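The values are calculated or read from the model by the stated rules, or taken from the named source; none is laboratory data. Note that this is a predicted model, so its numbers are computed, not measured. Neighbour counts run over all protein chains shown; Cβ positions are idealised from the backbone, glycine included. All accessible areas refer to the heavy atoms of the entire protein, side chains included, with ligands and DNA or RNA removed. Shrake-Rupley method; radii C 1.70, N 1.55, O 1.52, S 1.80 Å.
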Amino acid sequence: MYDFNEVIDRSDTQSIKYEGMDLVYETSDMLPFWIADMDIATPKPVLDAIQKRLDHRIIGYTKWQQDKFYEPIKHWYRTRFDTRVMNSDLFYSPTVLYTITESIRALTQPGEGIIVNIPSYNTFLTLIEANRRVVVPSPFVFDGQEYKMDFDAFESLCQRADMKVFLFCNPHNPTGKVFTTEELDEIVSICEAHDVFIIADEIHMDFARQKKHQSLINWMKPDSNIIVTSCLGKTFNISGLPHAYYVTKNRFLKMELSRQILAAGIGNPNALALNAIEAGYMECADWVDAINDFILSNMKFVKSYAEEFLDDVLDVYIPDATFLMWIDFSKSGYSEEEVQEALQKVGKVALGIGSTYMHDDSTHFRMNVACDRARLEEGMARIKKAFDHLKNNHS
Ligand SMILES: Cc1ncc(COP(=O)(O)O)c(C=O)c1O
């Protein structure tokens, strides 16, 4: 029904993925599988809704405190996640990262620690440091099947007096982990016991496949120390149309975030995004199911290709969620520097650089598989070429 294998030329659209490789890599002449947007068209109802708004021809200041904003979001959470959201707890924000930054600023002082699972979405690490807070790593343990939290170590961190915030990502970027009910119970109870505020980024929620995504909204009690933030940027590939929302029952944070958004002069929403939210959340559930099937089949292809041709150097597992694969090259014995150099200069393929997600050395790269199958085949052939080169030239 949907052709996710359609190839759309993105040149001259100022996309970071293609035209911004020089921001991260030494070379730009590469096939990109790095930044987390999709080489896949936004669903037609969303594009039509944006077009409809443009057709009006006047794009003035816009109000979000109305049903056009509340109802689609409440509908999506109710029908997709069996989660109830109340208007009084739901707010517009310019971006997910803006919500996180302002929450961190409201809840902590410079020099204080923010707990994050490691590996971590790389921008969390830079964002914490840019706000003069300190990254406090809570490393995952990988048991060969899945990533797990070390709850004893996590609780010890939460007990520290200077620890006020856990910046939580579920589904998790880059590992694709979806947290279970038991794990969420444990996180909430530890954080409650030690007065640690949970900032939950659930931006990848619509790409949970093997396990059901459960929003921390379900764990909120009146005034509890939880904020959940998300948007449609990943889901419908509209990250270039900034918008987001957050849900909290915490009175202090409600007040502080509203105040800071006003203070920054960015209280009015993106008029095009309001139409996109309505169309995406009211009309595109079947598209989301279909794209998840497509992504899963792409992931299975990557795994089977690696098993056939790269088994001596890569360990590939299929994550519960996201369109990102966190691929382990530790058994190759090569350093990240060697692997990245070969990927970039020999394979000419841009993959997420593992150490930027680690706060430390890494033996992984991140691969974005939301693209047509032919490109993915080409990408895997290039990865093979890079490792073949390393095998033939390594002393
Ligand atoms: C976990 C996570 N949070 C936030 C973002 C960015 O969200 P926004 O563009 O709304 O700030 C990304 C983008 O890759 C992400 O993976």
- Return yes when residue 241 is surrounded by fewer than 20 Cβ atoms within 10 Å (Cβ to Cβ), within 30 Å of residue 39 (Cβ to Cβ) and within 16 Å of the ligand (Cβ to nearest atom) and no when it is not. yes
- How do the pairs read when you match residues in segment 375-395 that are under 15 Å from residue 313 (Cβ atoms) with residues anywhere that are aromatic (Phe, Trp, Tyr), using Cβ under 6 Å and keeping only pairs 6 or more apart or on different chains? 380/305; 384/309; 390/334
- Task: Name the residue, out of 228, 247, that is within 16 Å of the ligand (Cβ to nearest atom), part of a strand (DSSP E or B), surrounded by 24 or more Cβ atoms within 10 Å (Cβ to Cβ) and in contact (Cβ under 8 Å) with a residue 24 or more places away in the chain.
- Result: 228
- Query: Which one of the conditions (1) in a helix (DSSP H, G or I); (2) open to solvent by 10 Å² or more (accessible area, probe 1.4 Å) does residue 387 fail to meet, given that it meets all the rest?
  - Reply: (2)
- If residue 217 passes every condition in (1) within 13 Å of the ligand (Cβ to nearest atom); (2) touching a strand residue (DSSP E or B) at 6+ places or on another chain (Cβ under 6 Å) but one, which one does it miss? (1)
- Message: Between 126, 175, which is hydroxyl-bearing (Ser, Thr, Tyr) and out of contact with any strand residue (DSSP E or B) (no Cβ under 8 Å at 6 or more places or on another chain)?
- Response: 126
- Would you check which residues across segment 39-89 are part of a loop (DSSP other than H, G, I, E, B), acidic (Asp, Glu) and surrounded by fewer than 17 Cβ atoms within 10 Å (Cβ to Cβ) and list them? 82
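Residues checked against (1) in the same structural domain as residue 299 (by TED's automatic domain parsing); (2) free of Cβ contacts under 8 Å to residues at least 60 places away in the same chain; (3) of a type in the set (Ser, Thr, Tyr):
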residue	(1), (2), (3)
118	no, no, no
130	no, yes, no
138	no, yes, yes
147	no, yes, yes
156	no, yes, yes
- Query: What residue, of 4, 33, is within 16 Å of the ligand (Cβ to nearest atom) and either surrounded by 15 or more Cβ atoms within 10 Å (Cβ to Cβ) or under 28 Å from residue 261 (Cα atoms) (or both)?
  - Reply: 33
